[in-house]
Amino acid sequence: MSKNILDQKVIVFIVIYALILICDLICGSHESYLYLRYFTKPAILASLIAFLFVYKKKLDRSIFQIIGLALVFSLSGDILLLFTHISQLFFMMGLIMFLLAHIMYIIIFLKNRGNQNKNRLFLVLTIVYGITLFYVLYPSLGEMLIPVAIYMVVILVMSNASYLRSKHVSRTSYVLVFVGALFFMLSDSLLSIDLFYAALPYGNVWIMSTYATAQFLIVYGIIRQKELQKSGKTEL
């Protein structure tokens, strides 16, 4: 891995990001502090948007705009999901926001799709995974059947699109984004299980930890992509 994979600004941000996440996990795990999540949960994506702006010059304008939209949609989804106790409409709106965020990520990933044929094992594995998860959730979905099915298809497309990035990006960028996409898929799966199948022990901790990790890895992976393309490096 290159010596400058984590410069001082990135290290400082990771510390701040982790502290914000820890605050949100504490607030989400104690009923007396739940009201503070109206501040801590949006702060996670808000801080990541600020981080993106710091590295704005390292990105092409179109990439910056698309990833910026992905983060804004995600932030909107986070905020809307805070109000699901009022009405299920907030859940539906939040689902739409995250659906749009995934579409933005798909667009970015496909911009650097490799021309070579990739092993289709990952595609098969994700399809099997998606079908299995849907089978588990199906009895409890009710009127959410179609929205959840559409969302699952989109996130599986997103993870496969991240897998196809290879020849036109550095190995560092490829690994960061691919692992980030897997964490996103895991986070959404845990959320779905927690909502529609059975409450998970420490569910909020697992869901938010994997979600925050996913968002950071994807964003930082895209930032590293442009930087390494400019320098002409292709190794870690």
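Residue farthest toward the positive end of the dipole of the chain, with Cβ of Lys/Arg at +1 and Asp/Glu at -1: which of Gly221, Leu99, Ser76?
The listed residue farthest towards the positive side: Gly221.
With +1 assigned to the C-beta of every Lys and Arg and -1 to the C-beta of every Asp and Glu, and no other charges, what is the dipole magnitude of segment 41-112 about the Cα centre in debye, to the nearest 20? Can you show the working numbers first?
Working: 6 positive and 2 negative charges, 64 e Å.
Computed charge dipole of segment 41-112: roughly 300 debye.
Please work out whether segment 1-61 counts as rounded, prolate or oblate from its C-alpha gyration tensor, where a ≥ b ≥ c are the square roots of the eigenvalues and a/c under 1.5 means rounded, while otherwise a/b larger than b/c means prolate and anything else oblate? Intermediate values should be presented prior to the final figure.
Working: a/c = 4.43, a/b = 2.03, b/c = 2.18.
Cα axes put segment 1-61 in the oblate bin.
Of all the accessible heavy-atom surface of segment 75-190, with the other protein chains kept in place and a 1.4 Å probe, what percent is carbon and sulfur? Write out the running numbers ahead of the final one.
Values: 4200 of 5860 Å².
Here carbon and sulfur together make up 72 percent of the probe-accessible area.
Beyond 18 Å between alpha-carbons counts as too far, so tell me which of Lys111/Lys167; Lys9/Lys56; Lys9/Lys167 fall in that bin. Walk me through the intermediate numbers first.
Values: Lys111/Lys167 12 Å; Lys9/Lys56 14 Å; Lys9/Lys167 28 Å.
The pairs that break the limit, which is 18 Å between Cα atoms, are Lys9/Lys167.
Just the number please: accessible area per residue for segment 80-214, 1.4 Å probe, all protein chains included, in Å². If you can, show how the numbers build up before the last one.
On the way: 6970 Å² over 135 residues.
That works out to 52 Å² per residue.
Just add up the charged neighbours of Ser159: K/R +1, D/E -1, any other residue whose Cβ is under 12 Å from the Cβ of Ser159.
On the way: positive: Arg165; negative: Asp188.
The answer is 0.
Once you've got the GNM for the chain with C-alpha springs shorter than 10 Å, pick whichever of Val153, Val12, Val177 has the biggest mean-square fluctuation.
Sorting by GNM fluctuation, first place goes to Val12.
The values are calculated or read from the model by the stated rules, or taken from the named source; none is laboratory data. None of the values given here were measured: they were computed from a predicted structure. So basically every Cβ, Gly included, is an ideal-geometry build from the backbone, and we count neighbours across all protein chains shown. When the accessible area is computed, the model is the full protein with side chains, heavy atoms only, and any ligands, DNA or RNA have been set aside. Shrake-Rupley method; radii C 1.70, N 1.55, O 1.52, S 1.80 Å.
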